[in-house]
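**Q** I have a structure I would like to understand better, so I am pasting it below and will then ask my questions one at a time.
The values are calculated or read from the model by the stated rules, or taken from the named source; none is laboratory data. This structure is a prediction, so every number in the text was calculated from the model and none was measured. No Cβ is skipped: glycine too gets one built from the backbone with ideal geometry, and neighbour counts run over all protein chains shown. Note: accessible area is taken over every heavy atom of the protein model, side chains too, but ligands, DNA and RNA are not part of it. Shrake-Rupley method; radii C 1.70, N 1.55, O 1.52, S 1.80 Å.
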Amino acid sequence: MATRLARQAGAVLLQHYYSPFLVEQKVNALQETEEVTAADREANELIVNRLCEAFPDDGILAEESTDTEHRLTKDRVWLIDPMDGTKNFIQRDGDFAVQIGLAVGGDSVAGVVYQPARDVLYCAVRGGGAWIEHSDANATRMAVSTRRHPSEMVLASSRSHRSPRMERVVRAFGFMDELRRGSVGVKIGLIAEQKADLYLHLSPSTKQWDTCAPEIILVEAGGRLTDLFGQPLRYNRIRIDNRNGIVATNGVAHEMVIENLAPLLEEFGRVPV
């Protein structure tokens, strides 16, 4: 059902994508100012309404819905980002995705990430592998790379301007190759399909709905997703943000990345919160 919903929501996004649209400003639950469009809201409403009809006893945490503590009483919670990469949607570069994840007991167990502009869909269920569907092609199973030396690894990084701290990290590791894309889900998906090997997000700006669906897809492809300190991400927490940043890798390089990040985080004055 989540796969079908993601495609339906993607169709809603494309209707706006290829037409003139208004960009608005919103203040989110963390009092941050963000851009939003009618496309975000319409896709959000579609997904949330259908999930509520199908699973009335489940909790929901969706980016464009008002959050309440009701979800904290639920073991099963859907985490929804109707459009991960609104900035990319506005810039019309194709790097935006519908993300629908399911957490049970705080763990990511199922997820769909759909890129409507490219008609590429990633999906996974715990124990069932990670799969990619291209337009007019059968689904194929994904598996991460085995590269573990920084000079050989491809870093998935943001299209936007890089912070001085991220520049410091890139220099310290000695990464030689980068693939710059938008959307957290898109970048993590690149690792699952061996186009990249790792992705680092130093700031606390990603939210639970940014990582829930991508995490299970990456894990089922053989990779790992943790915070900057190597600790697991938990879903359906009171705070919606991933305050300790995120590290996504192909798995075999994960411990190396966490170990080499540690002195840099200390240099930056970062401690787990």
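**Q** Roll a 1.4 Å probe over the protein heavy atoms and report the accessible area of SER108 in Å², nearest 10.
**A** Accessible area of SER108: about 10 Å².
**Q** Still on this model: When ranked by the protection proxy of mean other Cβ atoms within 10 Å per residue, highest first, what sequence do the peptides 117-128, 189-200 form? Write out the running numbers ahead of the final one.
**A** Values: 117-128: 18.7, 189-200: 24.1.
Highest mean packing first, the order is 189-200, 117-128.
**Q** Counting just the Cα atoms, what span does the range 108-180 cover along each of its three principal axes? Round to the nearest Å and put the largest first.
**A** That works out to 40, 27, 25 Å along the principal axes.
**Q** Continuing with the same structure: Using the Karplus curve 6.51 cos²θ - 1.76 cosθ + 1.60 with θ = phi - 60°, work out ³J(HN,Hα) for each residue of the range 130-138 in order, rounded to whole Hz, and write x for Gly and Pro.
**A** Ordered by residue, 3J(HN,Hα) equals 10, 10, 10, 10, 9, 4, 6, 8, 6 Hz.
**Q** While we're looking at this one, here's another question. If you take all C-alpha pairs in the range 43-88, what percent of them are over 11 Å apart? Numbers along the way, then the final one.
**A** Details: 687 of 1035 pairs.
Value for the range 43-88: 66 percent of Cα pairs lie more than 11 Å apart.
**Q** What does the helix-only formula give at 222 nm for the chain: each DSSP H stretch with n ≥ 4 adding -39500 (n - 2.57), the total divided by the residues, and the result rounded to the nearest 500 deg cm²/dmol? Show your work: numbers first, answer last.
**A** Working: 7 runs with 86 residues, N = 273.
Rounded to the nearest 500, the figure is -10000 deg cm²/dmol.
**Q** Taking the Cα centroid of the range 226-273 and of the range 39-86, what is the distance between the two, rounded to the nearest whole Å?
**A** About 26 Å separates the Cα centre of the range 226-273 from the one of the range 39-86.
**Q** Of LYS74/LYS187; LYS74/LYS195; LYS187/LYS207, which pairs sit farther than 27 Å apart, going by alpha carbon to alpha carbon? The partial results should precede the final answer.
**A** Working: LYS74/LYS187 30 Å; LYS74/LYS195 36 Å; LYS187/LYS207 15 Å.
Listed pairs above 27 Å: LYS74/LYS187; LYS74/LYS195.
**Q** To continue, here is another question. With +1 on each Lys and Arg Cβ and -1 on each Asp and Glu Cβ, how big is the dipole of the range 173-246 about its Cα centre, in debye rounded to the nearest 20? Mind dumping the intermediate values first?
**A** Values: 10 positive and 9 negative charges, 62 e Å.
That gives a dipole near 300 debye.
**Q** P(r) of the range 95-238 in 5 Å steps, Cα pairs, percent per bin?
**A** 2, 10, 19, 23, 21, 14, 8, 2, 0
**Q** Still on this structure, please answer the following. With every protein chain in place, what's the accessible area of MET176 (1.4 Å probe, Å², nearest 10)?
**A** Approximately 150 Å² for this residue.
**Q** Which value in Å does the Kirkwood hydrodynamic radius of the chain take, with 1/r averaged over all unlike C-alpha pairs and then inverted? Don't skip to the end; give the middle numbers.
**A** Values: mean 1/r = 0.0537 Å⁻¹.
For the chain, the Kirkwood estimate is 18.6 Å.
**Q** What distance in nm separates the simple spin-label points at ALA143 and LEU72, each placed 7 Å from Cα in the Cβ direction?
**A** 4.3
**Q** While we're on this one: Across the Cα atoms of the range 168-227, what radius of gyration and what greatest pairwise Cα-Cα distance (Dmax) are found, in Å?
**A** That works out to 11.6, 31 Å for Rg and Dmax.
**Q** Three principal axis extents, largest first, for the C-alpha atoms of the range 39-139, in Å?
**A** 39, 33, 21
**Q** Another question about this same structure. For GLU178, what residues show an amide H to amide H distance below 5 Å, using hydrogens built from the backbone and excluding near sequence neighbours?
**A** Placed amide hydrogens put LEU155 under 5 Å from GLU178.
**Q** Using the basic label-point model (7 angstrom from Cα toward the beta carbon), what is the GLU53 to GLU266 distance in nanometres?
**A** 5.6
**Q** How much accessible surface area, in Å² rounded to 10, belongs to the heavy atoms of GLU255 with a 1.4 Å probe?
**A** 110
**Q** Using a 1.4 Å probe on the protein chains only, how many percent of the accessible area of the range 1-94 belongs to carbon and sulfur?
**A** Numbers: 2420 of 4950 Å².
In the range 1-94, the share of accessible area belonging to carbon and sulfur is 49 percent.
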